[in-house]
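Shown next, in C-alpha cells, is the structure this report addresses.
All of the numbers you see were taken from the coordinates with simple rules; none came from a lab. All values derive from a computational prediction rather than experimental measurement. So basically every Cβ, Gly included, is an ideal-geometry build from the backbone, and we count neighbours across all protein chains shown.
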Amino acid sequence: MIVVTKPDITDERIEEIVRYIEKAGVQPHVSKGTQRTVIGIIGKADPSLAEHLRSMRGVEDVIKISKSYKLASREFHPDDTVIEIKGVRIGGDELVVMGGPCAVESPDQIDEIARLVKAAGGQVLRGGAFKPRTGPYSFQGIGVEGLVMMAEAARKHGLLTVTEVMTPEYVEICAEYADILQVGARNMQNFDLLRKLGTIRKPVLLKRGFSATYDEFLNAAEYILAGGNPDVILCERGIRTFEPYTRNTLDLAAIPSLKTLSHLPIIADPSHGTGRRELVAPMAKAAVAAGADGLIIEMHTDPDNSMTGDGVQSLFPDQFAELMKELEKLAPLAGKRFDTPKAPAEAFREWKK
Ligand code: PEP
Ligand code: MN
C-alpha cells in the first residue's frame, strides 16, 4: 500500500501520518520526490488502515499494491524515471550507449578506448576496476588505480563512467571516482551491497542475476530505492538457459515487460548476453527495437589479448563505430534520439579488425 500525499503537504502532516502508520504495527517508508512525498507501507496492514489514511489531512490517495516491491513499481510512479547525469539523460528520449573494455588494464588502454567511444558517439565509458571472476585464480582487476585511470580518461574525452562495485566497503571510493556504480549479475542479491548503495547519491546500474525472475530483479532494485537512492537503472544481461551455443540467453522480452512493471530505465548488455562478438550488433539493435533506453557494450582495441576472457565478445573499435551509425538510423523508429559525430573514420582506421 502506498500513501500519495498532496503536493503542498507540510513536514508536520507527514510526521503525523508516519506516526499513525507505525501505531498500526506496519513500517512506513517515506520517499520525498520533487513533486510530492509518497509513503510506502511495508507489512500486513489491517484493511481499515487504508480507509483511515485516505481520510487524513494532506493525503491525496491510498493505492493498494499487491506486489512485494513498491517503490520500483509502475503503480507507485506512473511516469518513466529519467536519470540525468551531467547532461546525459537515461530513461528519456535519448539512447545512451556505454562502451569500453571488460576491465581497465592500463592508462594507455583506457585512454585510447575512451577516445574511440567518444568518436563513435557513445556517452559513457565502461570498464571494470574490480572484476567479479568465476574462478579465484583469474585476473581480479587492478582496483583503485583503475578507477583513477578511468576517471582521468573519461574527463579528458568528455564521457561519463560506469564501473562495478562488489562490496559495501568499496562503495564510497567507487562513488568518488565514477558517475554510475554497477552491480554485477553475481551480486544482484548481495543485499548488504544493495543496502549500502541505497545510502549514496550516485546512480546505480543493476544487472539482472543469471536466474533472477523479474520479481526478484525488481525486489533487488527495491532495496536500493528503499534506502533512499531513487536512481536505479536496470540492465538485462542474459539469463542461463539450456542453450550452450551462446554464453547466456538475452531475454529481450524483459525489456518491454519491465517497462510495464516498473518506471525505472532499462538498458541491455548484448556482450554478456550472447558471449559472441558476431551476435552483439544484431542483439543491440533488437534491444533498441524492444524499447531499451540504452546499451552497455564491450569494445577493446586488442580483444585477442584482453586480460579477462571477454575478448571473444568485445567488438573491435571499427565494428563499434559501425554499430553506432546503424543505431543512429534505428533509434528514431524506437522513439529515441542518438547522434554520432561526423566522419569518425580516421579515428578507427588503425584499429580495423
Ligand atoms: C561486466 O559487465 O563486465 C560483467 C562482469 O557483467 P555481468 O555482471 O553481467 O556478468
Ligand atoms: Mn565482461
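One table, with the values for the structure above:
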{"quantity": "Additional length obtainable on full extension of the chain from Asp8 to Lys325, 0.36 nm per residue less Cα span", "calculated": "109.4 nm"}
{"quantity": "Over the chain: helical MRE at 222 nm, DSSP H runs n ≥ 4 each giving -39500 (n - 2.57), nearest 500", "calculated": "-10000 deg cm²/dmol"}
{"quantity": "Rg and Dmax of region 1-68, Cα atoms only, in Å", "calculated": "10.8, 30"}
{"quantity": "Charge dipole of the chain about the Cα centre (unit charges at C-beta), most positive-ward option of Ile266, Val124, Gly25", "calculated": "Gly25"}
{"quantity": "For region 102-119, Karplus couplings with θ = phi - 60° (6.51, -1.76, 1.60), whole Hz, Gly/Pro x", "calculated": "4, 10, 6, 10, 7, x, 5, 4, 6, 5, 5, 5, 4, 4, 6, 4, 5, 4"}
{"quantity": "Choice from Lys70, Lys342, Lys285 with maximal GNM fluctuation in the chain (Cα, 10 Å cutoff)", "calculated": "Lys342"}
{"quantity": "Estimated dipole of region 245-285 in Debye, rounded to 20 [Cβ of Lys and Arg +1, of Asp and Glu -1, Cα centre]", "calculated": "80"}
{"quantity": "Under-5 Å amide H pairs with Ile297, H placed in peptide plane, nonlocal only", "calculated": "Met98, Gly99, Gly100"}
{"quantity": "Gain in span if fully extended, Arg133 to Ala253, counting 0.36 nm per residue against the direct Cα distance", "calculated": "40.4 nm"}
{"quantity": "Alpha-carbon Debye profile of region 119-226, log10 I(q)/I(0) at 0.14, 0.22 Å⁻¹", "calculated": "-0.56, -1.19"}
{"quantity": "Per-residue HN-Hα couplings for region 235-251 [Karplus 6.51, -1.76, 1.60; θ = phi - 60°; Hz; x = Gly/Pro]", "calculated": "9, 7, 10, x, 10, 7, 10, 6, 8, x, 5, 9, 5, 9, 10, 5, 8"}
{"quantity": "For the chain: relative contact order, % (alpha-carbon pairs under 8 angstrom, 6 or more apart)", "calculated": "15"}
{"quantity": "Computed over region 2-63: relative contact order in percent, which uses C-alpha pairs under 8 Å that are six or more apart", "calculated": "48"}
{"quantity": "About the Cα centre, charge dipole magnitude for the chain (Lys/Arg +1, Asp/Glu -1 at Cβ), debye", "calculated": "480"}
{"quantity": "Most fluctuating residue given options Gly25, Gly91, Gly122, as computed from a GNM of the chain linking Cα atoms under 10 Å", "calculated": "Gly25"}
{"quantity": "Candidates Gly143, Gly275, Gly99, ranked by Gaussian network fluctuation over the chain, Cα under 10 Å, top entry", "calculated": "Gly143"}
{"quantity": "Neighbour-count order for Ile90, Ile142, Ile255, fewest beta carbons within 10 angstrom listed first", "calculated": "Ile142, Ile255, Ile90"}
{"quantity": "Which listed pairs, of Lys32/Lys207; Lys67/Lys196; Lys23/Lys44, have C-alpha distances above 20 Å, in listed order", "calculated": "Lys32/Lys207; Lys67/Lys196"}
{"quantity": "Calculated FRET efficiency for the pair Leu333/Arg54, C-beta based, R₀ 41 Å, to 0.05", "calculated": "0.40"}
{"quantity": "Calculated P(r) of the chain - Cα pairs past 25 Å, %", "calculated": "53"}
{"quantity": "Positive-end residue, the chain charge dipole about Cα centroid, Cβ charges, pick of Ser138, Phe316, Ile233", "calculated": "Ile233"}
{"quantity": "Packing-based ranking, highest mean first, of 218-228, 59-69 given that Cβ atoms within 10 Å are counted", "calculated": "218-228, 59-69"}
{"quantity": "For Val59, distant residues with modelled amide H under 5 Å away", "calculated": "Lys6"}
{"quantity": "Cβ-Cβ FRET estimate between Val312 and Thr213, R0 fixed at 25 Å, reported to 0.05", "calculated": "0.30"}
{"quantity": "Reachable lysines from Lys342, criterion Cα separation under 17 angstrom, eight or more residues apart if same chain", "calculated": "Lys118, Lys325, Lys329"}
{"quantity": "Length-normalised contact order for region 1-142 - Cα pairs under 8 Å, 6+ apart - percent", "calculated": "19"}
{"quantity": "Cβ charges +1 (Lys, Arg) and -1 (Asp, Glu), total dipole of region 232-353, debye", "calculated": "300"}
